[in-house]
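Have a look at the structure below, then the notes.
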Amino acid sequence: MSSERNASGRQSAYSVVLCRGMRSCSFGLVDLEPIRAAIETVIADSPWNAYVESARGGRFRPHERLRIALSACPNGCSQPQIQDIGLIAALRPREVAAACTGCGLCEATCREAAMLVEDGRAVHRPQACLACGECVRVCPAHAVLCEPLGFRLLLGGRMGRHPVWATELPGLYTQERIPQLFRDLLRVLLRERRPGERPRQVLARLDIQQIEHELGECRYE
Ligand code: SF4
Ligand code: SF4
Ligand code: SF4
């Protein structure tokens with residue numbers, strides 16, 4: 001699903017693409033519609049639309065649109081890796097509780113070999129984990145304890161003649177802080193954008209560590 005026109009039916013200066021999310025996909029960790037609504041409210045309250053339209057004297061060009069994609073699990077069906085801004089929901093196991101019976105369901109379910117049963121108890125291997133939350137869902141003993149649901153943030157991906165995979169920033173971003181995250185990202189884009197530059201060109205030019213610093217308060221690990 002995507003929204004590429006604004007309320008008046010004109011081409012929008014941004015697009016938000018969603019995967020199906022938890023409303024209709026069993027892998028979904030979160031309902032993406034409220035998140036989309038929150039992001040669109042932030043953009044509507046910002047000078048972004050007016051800036052993009054005025055920069056071209058009212059002639060809007062689709063490739064100047066800010067492209068955003070949200071995925072409700074690491075499968076990434078909305079292709080957040082090739083958008084200006086991508087968010088991927090993440091549910092990271094923190095530890096396996098004593099309630100674990102060693103049944104092996106988590107090991108059989110995990111496609112990353114990140115949950116292994118050793119000596120009658122599941123052991124989590126965080127270095128291999130994609131934070132899909134499947135082991136949490138299948139555990140009959142509710143023994144897989146997790147960090148709070150968060151979002152991975154990817155910036156600066158694109159297709160075209162020279163495709164680029166987005167850069168993932170470290171850590172996770174909370175759902176509650178996503179509006180602030182987008183306010184901060186728009187502030188950076190509007191401040192740094194040179195005339196005629198597309199969002200992805202701005203992101204490619206900027207130091208990702210500097211952007212990360214400006215978003216720091218939205219991250220929780
Ligand atoms: S990204 Fe995950 S939750 Fe979203 S549609 Fe694909 S498999 Fe389902
Ligand atoms: S599914 Fe749950 S109870 Fe079974 S081995 Fe994994 S953590 Fe332990
Ligand atoms: S969250 Fe997903 S990738 Fe990580 S251990 Fe569980 S099933 Fe495996």
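Run through the stretch 117-221 and list the trypsin sites (Lys or Arg not before Pro) located in a DSSP loop whose Cβ has at most 15 other Cβ atoms within 10 Å.
Listed in order of number, the matching sites are ARG161.
Give me the percent relative contact order of the stretch 114-188, please, defined on Cα pairs under 8 angstrom at least 6 residues apart.
Answer for the stretch 114-188 is 18 percent.
If I model a spin label at ALA128 and CYS146 as a point 7 Å from the Cα along the Cα→Cβ vector, what separation in nanometres do I get?
2.0 nm
May I ask you to compute the full-extension gain from GLU176 to ARG94, defined as 0.36 nm times their residue separation minus their alpha-carbon distance, rounded to one decimal in nm?
Numbers: separation 82, 0.36 × 82 = 29.52 nm, distance 2.05 nm.
Extra length available between GLU176 and ARG94 comes to 27.5 nm.
Among ALA131, LEU153, VAL16, whose Cα lies farthest out toward the positive end of the dipole of the chain, if unit charges sit on the beta carbon of Lys, Arg (+1) and Asp, Glu (-1)?
VAL16
What is the calculated FRET efficiency for MET159 to GLU118, with r their C-beta to C-beta distance and R₀ = 45 Å, to the nearest 0.05?
0.55
Using r as the Cβ-Cβ distance of VAL138 and TYR51, and R0 as 35 Å, what FRET efficiency do you calculate, to the nearest 0.05?
The calculated FRET efficiency here is 0.15.
Could I get the Rg over Rh figure for the stretch 103-158? Both from C-alpha atoms, Rh via Kirkwood, rounded to two places.
With Rg and the Kirkwood Rh in hand, the quotient comes to 1.05.
Modelled label-to-label distance, ARG191 and SER24, 7 Å Cα→beta-carbon offset: nm?
4.0 nm
To the nearest 20 debye, what charge dipole does the stretch 93-146 have about its Cα centre, counting +1 at the Cβ of each Lys and Arg and -1 at the Cβ of each Asp and Glu?
Here the size comes out at about 120 debye.
Tell me, in nm to one decimal, what length is gained between GLN201 and ASN75 on full extension, where the rule is 0.36 nm per residue of separation less the Cα-Cα distance? Walk me through the numbers before you get to the answer.
Working: separation 126, 0.36 × 126 = 45.36 nm, distance 2.62 nm.
So the chain would gain 42.7 nm between GLN201 and ASN75.
Please compute the Cα-Cα pair-distance distribution of the chain with 10 Å bins starting at 0, giving whole percents from short to long.
With a bin width of 10 Å, the distribution comes to 8, 31, 32, 17, 9, 3, 0.
Divide by every residue of the chain the summed helix terms, -39500 (n - 2.57) for each DSSP H run of at least 4, and state the resulting mean residue ellipticity at 222 nm, rounded to the nearest 500 deg cm²/dmol.
On the way: 7 runs with 60 residues, N = 221.
Computed mean residue ellipticity for the chain: -7500 deg cm²/dmol.
Coordinate-derived values only; no laboratory data. Here the structure is a predicted model, which is why all the values come from computation and not from measurement. All Cβ positions, glycine included, derive from the backbone under ideal geometry; neighbour counts span all protein chains shown.
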